[in-house]
1. Inside segment 162-193, can you point out the residues that are surrounded by 17 or more Cβ atoms within 10 Å (Cβ to Cβ), assigned to a loop (DSSP other than H, G, I, E, B) and either touching a helix residue (DSSP H, G or I) at 6+ places or on another chain (Cβ under 7 Å) or among the β-branched types (Val, Ile, Thr) (or both)?
2. Just one of Asn117, Asn82 is at pLDDT 95 or above and more than 15 Å from Ile48 (Cβ to Cβ); which is it?
3. Looking only at residues that are among the aliphatic types (A, V, I, L, M), out of contact with any strand residue (DSSP E or B) (no Cβ under 6 Å at 6 or more places or on another chain) and in contact (Cβ under 8 Å) with a residue 40 or more places away in the chain in segment 190-201, which one is farthest from Phe136 (Cα to Cα)?
4. Based on this model, can you work out whether Ala202 counts as part of a helix (DSSP H, G or I), of a type in the set (Gly, Ala, Ser) and at pLDDT 95 or above?
5. Starting from segment 154-170, take each residue that is closer than 13 Å to Ala227 by Cα and list its partners that are in a loop (DSSP other than H, G, I, E, B) and aromatic (Phe, Trp, Tyr), counting only C-beta distances under 6 angstrom and pairs at least six apart or across chains.
6. Output the residues belonging to segment 79-104 that are surrounded by fewer than 14 Cβ atoms within 10 Å (Cβ to Cβ) and among the charged types (D, E, K, R).
7. Which numbered condition trips up Ala83, out of (1) touching a strand residue (DSSP E or B) at 6+ places or on another chain (Cβ under 6 Å); (2) near the ligand (Cβ under 8 Å from one of its atoms); (3) aliphatic (A, V, I, L, M)?
Amino acid sequence: MALQFKRVLLKISGEALKGSDEIYDKEKLGDVAQQVIDLTNQGLQVGIVIGGGNIWRGKLAGTLELHRIEADYMGMLATIMNALAFEATLKKMGFSKVKVYSSLEIKTVTSAYNYRNAREKLDEGYVVIFAGGTGFSYFTTDTGACIRGIEIQADALLMAKNGTKGVYDCDPNTHPDAKFFSELSYDDLLVKKLQVMDSTAATLSRDGQLEIVVFDMNGKNNIVKIAHGELEATYIK
Ligand code: UDP
């Protein structure tokens, strides 16, 4: 099947890159990178947001008796580490057209975010990585992904899950009779309080009319498949 979209924002969680004992699994990093290279070579414009959960999450603040704000900034820094790891992996694999923008500026290794420049880079065939979340505490990388997706005028936010093929009315791991949704409206997402993304991200996607495709990235070439509409998934629009 042909590509379903011209430009996407791919959101993957930090967990998706995690090894069993290490913060990174080389194979997983390489696999996602290869799929992104393949899609870019096929003509898809790909922006990426990677979470930070393989390294640190703000909700771990209590474990070190930190304030949530400090812990959140640590989480945002974790997303920058992941962005650099992904950039380095793409380059190691021979793909050099990569640009990393960060909401938290670290001038030596990232560029300050500018939506016009990001759109231009995407048009030029660059893979564009958006690091640092929103740059604000008390937000999530899902919200960051919605904002960037809207600002780059992505045709869709491809929301990668690990081991769940889309959205259900309850947890399919604990409820074998859970109902799967192949299509949902933004209001369903907000009213039914489905566990897809936080409510800030859900509200933003509705306000920006950003189509969301929730899919399972675990499976051979699933990111490539979803871009071609060849995978069962939940479409929210
Ligand atoms: N975070 C934040 N503001 C943002 C994005 C992220 O404060 O705009 C922090 C927050 O503490 C979060 C952590 O960064 O727990 C890692 O991001 P997230 O949990 O969204 O990563 P994921 O679960 O997708 O790997």
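1. Thr164
2. Asn117
3. My answer is Met197.
4. On the way: part of a helix (DSSP H, G or I): yes; of a type in the set (Gly, Ala, Ser): yes; at pLDDT 95 or above: no.
Criteria not met by Ala202.
5. Note: pairs meeting the criteria are Asp155/Phe5; Ala156/Phe5.
6. Lys91, Lys92
7. Condition (2) is where Ala83 drops out.
Listed here are the residues, each with its yes/no results for (1) in a loop (DSSP other than H, G, I, E, B); (2) among the hydrophobic types (A, V, I, L, M, F, W, C).
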| site | (1), (2) |
| --- | --- |
| Gly62 | no, no |
| Leu66 | yes, yes |
| Gly94 | yes, no |
| Tyr101 | no, no |
| Ile106 | yes, yes |
| Arg119 | no, no |
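The values are calculated or read from the model by the stated rules, or taken from the named source; none is laboratory data. Owing to the predicted nature of the structure, the values given are computational and were not obtained by experimental measurement. Please note: Cβ atoms are built from the backbone with ideal geometry, for glycine as well, and neighbour counts cover all protein chains shown.
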